[in-house]
Amino acid sequence: MDTIDITPTPVELAAIAQRIITAAYGLECHELTKYQVIWAWTAAEHAAERIGTPIQDLPARLGCELLRMYLNRAHTIPDRPITAETTYNELNQRIAG
């Protein structure tokens, strides 16, 4: 049986994260770039994991404040252009380099 890779592209991940942040947490992030949105979302996910639970399982107010903190920090993160052709390997190389 063939497998189908349904991993979202970085552009799709940015759109998904932006929708979740806006719809589920009521926070605005439209002024951030795609890269900054991905950075804030993954930073909040990793912080929640360090607490010991996925971000979606945190109490709503705690998850919201965690995301708000990382969205505010994301404004200071330098942008890295993300296009439809951008791969995760390219993003990781840019971050490491």
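Multiply the residue separation of Thr53 and Arg73 by 0.36 nm, subtract the distance between their alpha-carbon atoms, and state the gained length in nm to one decimal.
Taking Thr53 through Arg73 to full extension adds about 5.0 nm, to one decimal.
If the only charges are +1 at each Lys and Arg Cβ and -1 at each Asp and Glu Cβ, what is the size of the charge dipole of the chain around the Cα centre, to the nearest 20 debye?
Here the size comes out at about 380 debye.
Once R0 is set to 22 Å, what does the formula 1/(1 + (r/R0)^6) return for the Cβ-Cβ distance between Leu91 and Leu62, expressed as a FRET efficiency to the nearest 0.05?
So, using R0 = 22 Å, E works out to roughly 0.20.
Pairs of Cα atoms under 8 Å, at least six residues apart: use those to get the relative contact order of the stretch 10-96, whole percent.
Worked out over the stretch 10-96, it gives 37 percent.
Take the Cα coordinates of the chain, assign each an equal point scatterer, and use the Debye formula without solvent to give log10 I(q)/I(0) at q = 0.17 Å⁻¹.
Once normalised to I(0) and log-transformed, intensities are -0.77.
Evaluate the distance, in nm, between pseudo-label points positioned 7 Å from the Cα of Thr3 and of Arg19 along their respective Cα→Cβ axes.
2.5 nm
What's the angle, to the nearest 10 degrees (0 to 90), between helix 34-51's Cα axis and the longest principal axis of the chain?
Here the helix axis deviates by roughly 60 degrees.
Every read-out reported here was derived from the displayed coordinates using simple, explicitly stated rules and does not represent laboratory data. Predicted model, so just to flag it, every value in this text is computed and none were measured. Methodologically, a virtual Cβ is constructed for each residue, glycine included, from the backbone with ideal geometry; neighbour enumeration extends over all protein chains shown.
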